[in-house]
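See structure below.
The values are calculated or read from the model by the stated rules, or taken from the named source; none is laboratory data. Keep in mind that this is a model prediction, so the values were computed, not measured. Glycine also receives a Cβ, built like all others from the backbone with ideal geometry; neighbour counts cover every protein chain displayed.
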Amino acid sequence: MKVTDFQSRVYEALCEVPQGAVTTYGALARRIGCGSAQAVGNALRNNPYAPEVPCHRVIASDLSIGGFQGKREGAAIKRKRALLASEGVIFDADGKLIDSSALWRFETQNEPKKLNNI
């Protein structure tokens with residue numbers, strides 16, 4: 001699968017989010033200088049590098065679990081919740097992030113680091 005320059009920028013920035021942390025689609029968009037959280041979500045839906053590029057670590061701006069693999073409910077969301085729980089990121093029964101200290105804050109003064117395979 002051919003990856004666009006935009007997708008590469010999304011994936012590279014996302015790799016800055018460490019295990020045990022999450023970011024939002026909007027924060028990730030701002031990190032790469034994009035005005036569209038939805039465009040970031042579309043790039044993540046087509047992520048050919050998962051789980052090395054951890055798209056499960058991106059949540060909605062209201063701190064709800066958001067989507068995963070192009071789905072907003074069902075098995076995909078259960079899998080996202082399980083992946084995040086295995087990293088220590090927990091959501092309540094309504095799908096809201098319990099501990100907001102898990103929210104990753106990007107260092108905006110630096111460009112994302114270039115990854116070897118992206």
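Filtered by the rule that a residue be within 13 Å of Cys55 (Cα to Cα) and touching a residue at least 60 places away in the same chain (Cβ under 8 Å), segment 73-90 gives a lone residue, Leu84.
Of all residues in segment 23-33, which are more than 18 Å from Ser64 (Cα to Cα) and crowded, with 19+ Cβ neighbours inside 10 Å?
Taking segment 23-33 and keeping what is more than 18 Å from Ser64 (Cα to Cα), we get 30-33.
Arg31, Ile32 - these are the residues of segment 23-33 that are more than 18 Å from Ser64 (Cα to Cα) and crowded, with 19+ Cβ neighbours inside 10 Å.
Answer yes or no as to whether Phe68 is surrounded by fewer than 17 Cβ atoms within 10 Å (Cβ to Cβ) and touching a helix residue (DSSP H, G or I) at 6+ places or on another chain (Cβ under 8 Å). Answer is no for this residue.
The single condition from (1) modelled with pLDDT under 95; (2) over 13 Å from the mean Cα position of the chain (by Cα) that Asn47 fails is (2). Number of residues in segment 42-64 that are part of a loop (DSSP other than H, G, I, E, B) and out of contact with any strand residue (DSSP E or B) (no Cβ under 6 Å at 6 or more places or on another chain) equals 11. Exactly one residue among Ala13, Ala39 is within 10 Å of the chain's Cα centre (by Cα), part of a helix (DSSP H, G or I) and surrounded by 13 or more Cβ atoms within 10 Å (Cβ to Cβ), and that residue is Ala13. Taking residues in segment 3-25 that are on the phi > 0 side of the Ramachandran plot, and partners anywhere that are modelled with pLDDT of 95 or more, the pairs with Cβ atoms closer than 6 Å and at least 6 places apart or on different chains are Gly20/Glu87; Gly20/Gly88. Scanning segment 75-86 finds no residues that are part of a loop (DSSP other than H, G, I, E, B) and surrounded by fewer than 21 Cβ atoms within 10 Å (Cβ to Cβ). Counting residues in segment 59-67 that are in contact with an Asp or Glu (Cβ under 6 Å, 6 or more places away or on another chain) and of a type outside the set (Asp, Glu) gives zero.
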